[in-house]
């Protein structure tokens, strides 16, 4: 398929990402974890029909939205790389990296596209992101900070893939007498 056929998916991904950034209040330097099944974007079952062009289009849309805000992208690999994360080295200084290079059928097309497009990519086993965007039911929750809060987006699909989103917040501690800072919500 031609990349031109995925212009709508690129725009849908950009819109979903922009909306999440606004609703989650993401700030420069924070991290957004994104999982994307290119199979699901194309209307197939996750893991069955990896499509590099669809993945590249979605990646471009997400990166456009994040670049404007200075937010780092953490691209989740598929289960064949244990859902490891591809991220810019600058986002995770001192992190323990692993030796893996994602490929379309061993890591996923989205993570593979991220790996070749990042300036200085590294792969890590886990991360604690500030928000998450799940395109195609890829289960990104393991890479979010402890308290994840669902975010309802107007953009509910990218291509044929279902979109789910979450932001995180600090834990509430202290019980009924505690006072909380509403700005941290």
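Just so it is clear, none of the values below were taken in a lab; they were calculated from the coordinates. Please read these numbers as outputs of a predicted model, since none were measured by experiment. Neighbour counts run over all protein chains shown; Cβ positions are idealised from the backbone, glycine included.
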ask   = Hey, rough spin-label estimate for residue 160 and residue 184, points 7 angstrom out along Cα→Cβ, what's it come to in nanometres?
value = 4.5 nm
Angle between the chain longest axis and helix 7-24 axis [Cα atoms, degrees, rounded to 10] = 10 degrees
query = Could you give the angle, 0 to 90 degrees to the nearest 10, between helix 52-67's Cα long axis and the longest principal axis of the Cα atoms of the chain?
reply = 30 degrees
task = Report, for the chain, the % of DSSP beta bridges that are antiparallel, rounded to 5.
result = 65 percent
ask   = Under a point spin-label approximation (7 Å from Cα along Cα-to-Cβ), what is the residue 106-residue 27 distance to one decimal in nm?
value = 4.2 nm
key: Three-way shape label, region 20-141, alpha-carbon gyration tensor, a/c 1.5   = oblate
request  = Could you check which residue among 90, 131, 33 shows the biggest mean-square fluctuation in a GNM of the chain with a 10 Å Cα cutoff?
outcome  = 90
request  = Work out, step by step, the length gained on full extension between residue 97 and residue 176: first 0.36 nm times the residue separation, then minus their alpha carbon distance; give nm to one decimal.
outcome  = 24.3 nm
ask   = What's the center-to-center distance, using Cα atoms, between region 23-79 and region 116-185 in Å?
value = 13 Å
query = Which value at 222 nm does the chain reach when only helices count, each DSSP H run of 4 or more adding -39,500 (n - 2.57), with the total divided by all residues and rounded to the nearest 500 deg cm²/dmol?
reply = -8000 deg cm²/dmol
key: Stretchable slack from residue 82 to residue 67, in nm (0.36 nm times residue separation minus alpha-carbon distance)   = 2.7 nm
query = Among 45-54, 94-103, how do they line up from the highest to the lowest mean number of other beta-carbon atoms within 10 Å?
reply = 45-54, 94-103
request  = For the chain, calculate the relative contact order in percent as a whole number, restricting contacts to Cα pairs under 8 Å that are 6 or more residues apart.
outcome  = 26 percent
ask   = Relative contact order for region 30-132 using alpha-carbon pairs under 8 Å, separation at least 6, rounded to a whole percent?
value = 34 percent
ask   = Which residue, 19, 79, 11, tops the fluctuation ranking in a GNM of the chain built on C-alpha contacts under 10 Å?
value = 79
Max mean-square fluctuation residue, GNM over the chain, Cα-Cα springs under 10 Å, options 130, 120, 44 = 120
